[in-house]
Amino acid sequence: MPERPTHEALLEAVRGCRGCELHADATQAVMGSGPPGARLLVLGEQPGDREDVEGEPFVGPAGRLLDRALTDVGVDPAEVYRTNVVKHFRWSGMRGKRRIHQSPKTAHVAACAPWLRAELSVVRPQGAVLLGGTAGKAVYGSSFKVGETRGRLVDWPERLGTEHPPAWVLTTTHPSAVLRADDRDAAYDDLVADLRVAAEALSAG
């Protein structure tokens, strides 16, 4: 971990990450992407198949859906810093030519926590959107449930120990859950409604 992290230094350092066993099967570690001074940080679970190959977060189907939802609420996706709790892809098998991921364990989340704290110190976002249960548990602890706070602004917890915490946090479902939903249109509308709360908080300053 760089003593004085910058985004460029983190990108370089994460290539040598051996904090857990996930590096052995992943193509590469995937650090966050976006403007270092972004007002909004979006936090997901882990890189997917495309992210692992391309080395960028949120470039697969879920990422494209997220960009569409952000645009629909008036937030420019290019102005958002997006990252994941876990920086290496954890895969469980194949579906055709596509590798399928499995959720990271608590030990993987803990091993990657210093990377997230470093990213927060570099970006210093005004707000953070947590996508799904893994992101929520990484920030709030194992008892966290998305449904209990979804779509509401809450405070960043003291437990994570960041020097420059976001002023507010909003939790919603992960875009991949929208893609798996029986009623995609309804699930998408719910995601957009949640993100609109974040957009309004950004507008309010």
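The values are calculated or read from the model by the stated rules, or taken from the named source; none is laboratory data. Nothing here was measured: the structure is a model prediction, and the numbers come from that model. Neighbour counts run over all protein chains shown; Cβ positions are idealised from the backbone, glycine included.
Summary of values
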item: Sole exception among (1) of a type in the set (F, W, Y); (2) touching a residue at least 60 places away in the same chain (Cβ under 8 Å); (3) in contact with a helix residue (DSSP H, G or I) (Cβ under 6 Å, 6 or more places away or on another chain) for F144, by number; result: (2)
item: Answer residue from the stretch 128-155, given it is in a strand (DSSP E or B) and β-branched (V, I, T) and is surrounded by the most Cβ atoms within 10 Å (Cβ to Cβ) among those; result: V129
item: Odd one out for T83 among (1) crowded, with 22+ Cβ neighbours inside 10 Å; (2) over 18 Å from V139 (Cα atoms); result: (2)
item: Criterion violated by P166 - all others in (1) in contact with a Pro (Cβ under 6 Å, 6 or more places away or on another chain); (2) surrounded by fewer than 19 Cβ atoms within 10 Å (Cβ to Cβ) satisfied; result: (2)
item: Residue match in the stretch 86-93 (condition: without any contact (Cβ under 8 Å) to a residue 12 or more places away in the chain, outside any helix (DSSP H, G or I) and either polar (S, T, N, Q) or touching an Asp or Glu at 6+ places or on another chain (Cβ under 6 Å) (or both)); result: yes
item: Residues within the stretch 159-204 that are free of Cβ contacts under 8 Å to residues at least 40 places away in the same chain and in a loop (DSSP other than H, G, I, E, B), tallied; result: 3
item: Restricting the stretch 64-85 to residues that are of a type in the set (D, E) and free of Cβ contacts under 8 Å to residues at least 60 places away in the same chain, the residue that is nearest to E45 (Cα to Cα); result: D67
item: Residues satisfying the stated conditions in the stretch 11-21, i.e. surrounded by 18 or more Cβ atoms within 10 Å (Cβ to Cβ) and either in a loop (DSSP other than H, G, I, E, B) or in contact with a helix residue (DSSP H, G or I) (Cβ under 6 Å, 6 or more places away or on another chain) (or both); result: C17, G19, C20
item: Qualifying residue in the stretch 29-44 (condition: in a helix (DSSP H, G or I), more than 23 Å from Y140 (Cα to Cα) and modelled with pLDDT of 95 or more); result: no
